[in-house]
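Peer 1: Here it is, the structure, as structure tokens.
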Amino acid sequence: GCLPLNIMTDSFSEQARADFQRSLFKAFTNRVWATLSGKPTMLLSYDEIKEKLHIGGPIYRGVQTVRVDQIAGSLNRYHEFDRVFLPASDKLAVRWQSVNRAFYQEVSLPPVVLYKVGQVYFVVDGHHRVSVARGQGQIDIDAEVRECATRVNITADLKAEDLEILHGKVHFLERTSLDTLIPEANIKLTIPDGFERMLEHIAVHHYFMGIDLQRDI
């Protein structure tokens, strides 16, 4: 016969608690490995990306199916989960376990709300749902997506030093409009001040061209 409802519920709760403790341990081992390898562990901050890359929008794109591994940032809770959306502390236990129980009970949850910048998605609403989905091995998740315009592309493995280089590239493109004038141009630099140096070279070349041609350039 079927198990009584309260026994089934207790079983789901025990499983949810076990999953949360396992996720906490994984988050701990990730932090240790990150310290040794230098790989980023924190979620990307939407506000920092917005400030550094001067992004526009967001524009509503409707409900879409989004790959979970492309969700690597947060609007305002980037300290509470790591880069692969494992919970960072046991303070998240109650809500996380509640969402996880819903997964086992096959309860339908509303779509999460995401901002898209380049190839990265930032969670506006639904952090625990994303965390549980990733912990349960889901490939995709339903999401309301709002896309933000950007002059440079970012990916989920973005590092702090990469962001500084892209910050310089955005400033370079704003000054030169190279992406508008020559859309196929794809300049990649590996030093933080590389684009600033290029602007200096352009300014010097501009000055001497004016002297040689005896006119404004």
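Peer 1: If the reach is capped at under 17 angstrom between alpha carbons, list the lysines near LYS159, excluding any in the same chain fewer than eight residues apart.
Peer 2: Hits, sequence-local ones excluded: LYS39, LYS50, LYS52, LYS169, LYS188.
Peer 1: Give me the one-decimal nm value for the distance between modelled label points at GLN214 and ARG17, 7 Å along each residue's Cα-to-Cβ direction.
Peer 2: Modelled inter-label distance: 9.0 nm.
Peer 1: With the Cα gyration tensor of the range 69-142 giving a ≥ b ≥ c as the square roots of its eigenvalues, does the rule (a/c under 1.5 for rounded; else a/b larger than b/c for prolate; else oblate) give rounded, prolate or oblate?
Peer 2: Taking the square roots of the gyration eigenvalues as a ≥ b ≥ c, the range 69-142 is oblate.
Peer 1: How much of the accessible area of the chain, in percent, comes from carbon and sulfur atoms when a 1.4 Å probe is used?
Peer 2: On the way: 7110 of 13160 Å².
For the chain, the apolar C and S fraction of the accessible surface comes to 54 percent.
Peer 1: For n ≥ 4 DSSP H runs only, could you compute -39500 (n - 2.57) per run for the chain, divide by its residues and tell me the 222 nm figure to the nearest 500?
Peer 2: Values: 7 runs with 103 residues, N = 217.
Value at 222 nm, helices only: -15500 deg cm²/dmol.
Peer 1: Taking the chain as a Gaussian network, Cα atoms linked when under 10 Å apart, which of ILE139, ILE154, ILE55 shows the biggest mean-square fluctuation?
Peer 2: ILE139
Peer 1: Amide H of TYR121: which non-local residues (sequence gap of 5 or more, or other chain) have their own amide H closer than 5 Å, using H built in the peptide plane?
Peer 2: It is ILE71, ALA72, GLY73, by chain and number.
Peer 1: Taking amide H atoms as placed 1.01 Å from N in the peptide plane, list the residues 5 or more away in sequence, or in a different chain, whose amide H sits under 5 Å from that of VAL84.
Peer 2: Residues meeting the criterion, in which the H sits 1.01 Å from N, do not exist here.
Peer 1: Test of understanding: what is the full-extension gain from THR155 to GLN138, defined as 0.36 nm times their sequence separation minus their Cα-Cα distance? Before the final figure, lay out the partial values.
Peer 2: On the way: separation 17, 0.36 × 17 = 6.12 nm, distance 1.97 nm.
Taking 0.36 nm per residue and subtracting the Cα distance, the gain is 4.1 nm.
Peer 1: Label points 7 Å out from Cα along the Cβ direction at ALA185 and TYR60: separation in nm?
Peer 2: Using points 7 Å along Cα→Cβ, the separation is 3.8 nm.
Peer 1: Return the long-range amide H neighbours of ARG61 (sequence gap of 5 or more, or a different chain), with a cut-off of under 5 Å between placed amide H atoms.
Peer 2: Placed amide hydrogens put VAL145, ARG146, GLU147 under 5 Å from ARG61.
Peer 1: Give the label of the value calculated from the structure for log10 I(q)/I(0) by the Debye sum over Cα atoms at q = 0.07 Å⁻¹, choosing from (1) -0.23; (2) -0.39; (3) -0.32.
Peer 2: (3)
Peer 1: Could you work out the longest stretch of the chain that avoids the GluC sites (Glu not before Pro) located in DSSP loops with at most 12 other Cβ atoms within 10 Å?
Peer 2: Longest gap between qualifying sites, sites excluded: 1-105.
Peer 1: Compute the helix-to-body angle for 194-213: its Cα long axis versus the longest principal axis of the chain, expressed 0 to 90° and rounded to tens.
Peer 2: Value to nearest ten degrees: 20.
Peer 1: Given a Förster distance of 35 angstrom, what is the FRET efficiency for ARG175 paired with ASP125, based on the Cβ-Cβ distance and rounded to 0.05? Mind dumping the intermediate values first?
Peer 2: Working: r = 37 Å, r/R0 = 1.05.
In this case the efficiency is close to 0.45.
The values are calculated or read from the model by the stated rules, or taken from the named source; none is laboratory data. Keep in mind it's a predicted model, so treat the numbers as computed, not measured. Note that each Cβ is placed from the backbone with ideal geometry, even for glycine, and that neighbours are counted across all protein chains shown. Just the protein is used for accessible areas: all its heavy atoms, side chains included, with ligands, DNA and RNA removed. Shrake-Rupley method; radii C 1.70, N 1.55, O 1.52, S 1.80 Å.
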